[in-house]
Protein chains: 2
Amino acid sequence: MNIYDISKKAGVSIATVSRVLNDSPRVSEKTRDKVLSVMEQNSYTPNVYARGLGLGSMNTIGILCADSSDIYLANAVYYLERDLRQHGYSSILCCTGYELESKQNCMKLLLSKRTDAIILVGSTFIEKRAEHNNYILEAGMEVPVMLINGYLEGSNLYCSLCDEHQAVYDVTSRLLNQGFDNPIHLYRALSYSGLQKKEGFLQAISEKGLNPQDRVHECSGDMDDVIDFLDSLYDSGKRFNAIITSNDELAIGAIKFARAKGLRIPEGISIVGHNNSKLARYCEPELTSIDNKLEMICIHTVTTLMRIFDNKNVANKTMFSAELIKRQTTSFN
Amino acid sequence: MNIYDISKKAGVSIATVSRVLNDSPRVSEKTRDKVLSVMEQNSYTPNVYARGLGLGSMNTIGILCADSSDIYLANAVYYLERDLRQHGYSSILCCTGYELESKQNCMKLLLSKRTDAIILVGSTFIEKRAEHNNYILEAGMEVPVMLINGYLEGSNLYCSLCDEHQAVYDVTSRLLNQGFDNPIHLYRALSYSGLQKKEGFLQAISEKGLNPQDRVHECSGDMDDVIDFLDSLYDSGKRFNAIITSNDELAIGAIKFARAKGLRIPEGISIVGHNNSKLARYCEPELTSIDNKLEMICIHTVTTLMRIFDNKNVANKTMFSAELIKRQTTSFN
DNA sequence: TTGTAGGCGTTATCAG
DNA sequence: CTGATAACGCCTACAA
């Protein structure tokens, strides 16, 4: 069933059918009703491929994320899909994993699908070495590229992020002022965001005159790896009374470590997570965490994208402020 | 840059270019190389819309799930997207929420996008009232419909699920035999899967001659609602020494309730979750949970779908066995 | 307000 | 092995 069949049955031309389809005002009420009823009776659905061919767009957005089962990224994907659909766009999801080559392949794949834009979810896409980000810049030559929680300068790139440097600086400073004068920082990877957090931590401790050596540690892998790492650190004689992590899962590992060692939370040791995901409520004691305003960032990203499609003015970089959510792993007032 | 441009530059016809594009054997090595190099030089990418128009397919699969930020569903989406991509298919994600009308709209949306199949993730799509499932049967008239962890009979519907009835029956029986003779069951909703779990629980207790009254409770909402519910149940004088839930989040709520009341886990009260999601490791004590083999189900679903596309024989219903993962909220040997 | 005709970029069916 | 040509189904000037 195509536009020709409908036009015949309704006794009009295909142009008129097309006009009805596209809500053109240049159709008389009568013919419109006639055409609509014929469509209804034959349960006609326009062919999106044909439409896409003519218009050069199928109203789809490519969403690239490393791992949609990660609770933080999963939330972002949820918010984005919801908002995009509200604006009439579908989402093609592509989970890249954490390796550069795989990310590049997925990007190529999405571009070949001719999506109207690409959204990169999570700062894992922004690598330290500039040449590793070239594929993102090149994507920007074809379609708008939106970054969630990552920053990269380039034409047709638009970044929405949270000031995590400031957030980690603030919470570290507060802990130091409170007497937790021996903090360490655990991060998963030095993505853009990971770097910001680390720098925020380092700035805070250096302002207090602390030696940064041995205070910053990479912890990849899962929760057990974190526990193992802290165990061996502790067993090697290293001591600390505050742990600030770059995500909530790391922090839960830290909680488990502390409990196993008989350290009292938060009196003996303070722990701060990051993302304020649901996980922060599941653990025991419940986790103080930095909320980086993910939903707001996602909404803003979609709004911005729609403005780009409308050729309106938009900012290339928008920064939100984080908020510290206090729970039981710290004793802030 | 289209197939005509390439054909001109390569000095061949568009038919030949198309043949090269589709790996047809009926092209001489020489022309093939020539055409390929021209494509390379002009970084030509075939237009998927045009191809879709001709072939009636763009190799995309529609994935419908209630909420991709739910940790269980998020995992399923991750596995599905990964496996589909491996087979050359892209995934269009659509999060429906839990209301029927919204589910129907999303289904319509995906069908209008002419995806090659629809995958329904989670038994929330299967409702008790048969007429509420009609839209799924209708979808089956257009494309194959795959159900993850739900069951509905119909032509062109294919279901992969886990025997959760048996799993809950087994664990309940074991708890009863162990002396936890006063169990209750908490479920989120009576989807197909929810129903199976509930029936498994009821069968086990009825075999032991227990009165089922007041032993089965709906707990919608978030973790705090679960805690509140159990609090008020307890405060009203109701007692129980085992809680079997239909997902891990409910179980974590139960843990928090028990700890707050000073009940000892697992000596005084046993708690069993469902899904064996990551959450089971985050809480304290760590949660015994029923693993319903999600990854296996997802892989099987994609494999089945590929066989359907190849017109091979497939089963309409495939059932896997669950596995009990014992942790600290039970004292099974 | 309505109709005609050309274009979008492929694939596929014929001949040669 | 290669080439011309007709679909595929829609949108949109341009004409009436």
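Read the figures in this text as sums done on the coordinates, not as results from a lab. Predicted model, so just to flag it, every value in this text is computed and none were measured. Ideal geometry is used to build each Cβ from the backbone, glycine not excepted, and the neighbour counts take in all protein chains shown.
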Problem - Test item: Cα-centred dipole of the stretch B:224-333, Lys/Arg +1 and Asp/Glu -1 on Cβ, debye - result: 340
Completion exercise
Of the residues B:Gln203, B:Ser289, B:Thr245, the Cα lying farthest along the dipole of chain B towards its positive end, which is defined by charges on the beta carbon of Lys, Arg, Asp and Glu, belongs to B:Ser289
Practice task
Can you tell me the relative contact order of the stretch B:3-52? Whole percent, Cα pairs under 8 Å, sequence separation 6 or more.
Solution key: 34
Exercise for the section: Would you mind computing Rg(Cα) / (2.2 N^0.38 Å) for the stretch B:193-315, counting N as its residues? Expected result: 1.31
Problem - For chain B, size of Cβ-based charge dipole, Lys and Arg +1, Asp and Glu -1, in debye - result: 1100
Completion exercise
With R₀ set to 30 angstrom, the calculated FRET efficiency between the beta-carbons of B:Ser112 and B:Lys8, to the nearest 0.05, is 0.25
Problem - Nearest-0.05 FRET efficiency for B:Thr31 and B:Glu131, computed from C-beta distance (R0 56 Å) - result: 0.40
Handout entry: Candidates per GluC sites (Glu not before Pro) in the stretch A:96-190, loop by DSSP, up to 14 other Cβ within 10 Å
Key = A:Glu99, A:Glu142, A:Glu153
Practice task
Give me the aspartates and glutamates in straight-line cross-link reach of A:Lys208: C-alpha distance below 19 Å, same-chain residues under 8 apart excluded.
Solution key: A:Asp170, A:Asp181, A:Glu199
Completion exercise
Shortest first and in nm, the label-point separations between B:Glu267 and its counterparts in the other identical copies (7 Å out along Cα→Cβ) come to 2.3
Handout entry: Sites matching trypsin sites (Lys or Arg not before Pro) across the stretch A:228-333 that sit in DSSP coil, with at most 10 neighbouring C-beta atoms within 10 Å
Key = A:Arg239, A:Arg264, A:Lys312
Handout entry: Stretchable slack from B:Thr303 to B:Glu207, in nm (0.36 nm times residue separation minus alpha-carbon distance)
Key = 30.7 nm
Problem - When each of A:Lys103/B:Lys9; B:Lys103/B:Lys261; B:Lys128/B:Lys293 is checked by Cα-Cα distance, pairs over 30 Å - result: A:Lys103/B:Lys9; B:Lys103/B:Lys261
Exercise for the section: Give me the distance between the Cα centres of the stretch B:61-124 and the stretch A:7-55, rounded to whole Å. Expected result: 29
Handout entry: Per-pair calculated FRET efficiency, R0 = 30 Å: B:Asp235 and A:Glu323 via Cβ, rounded to 0.05
Key = 0.30
Fill in the blank from the handout: If labels are modelled 7 Å from Cα along the Cβ direction, A:Leu55 lies from its partners in the other copies at nm distances, smallest first, of 2.3
Exercise for the section: Find the centroid of the Cα atoms in the stretch A:157-194 and in the stretch B:257-283, then give the distance between the two in whole Å. Expected result: 32
Exercise for the section: For the protein assembly as shown, give the magnitude of the charge dipole about the Cα centre (Cβ charges: +1 Lys/Arg, -1 Asp/Glu; no others), in debye to the nearest 20. Expected result: 1560
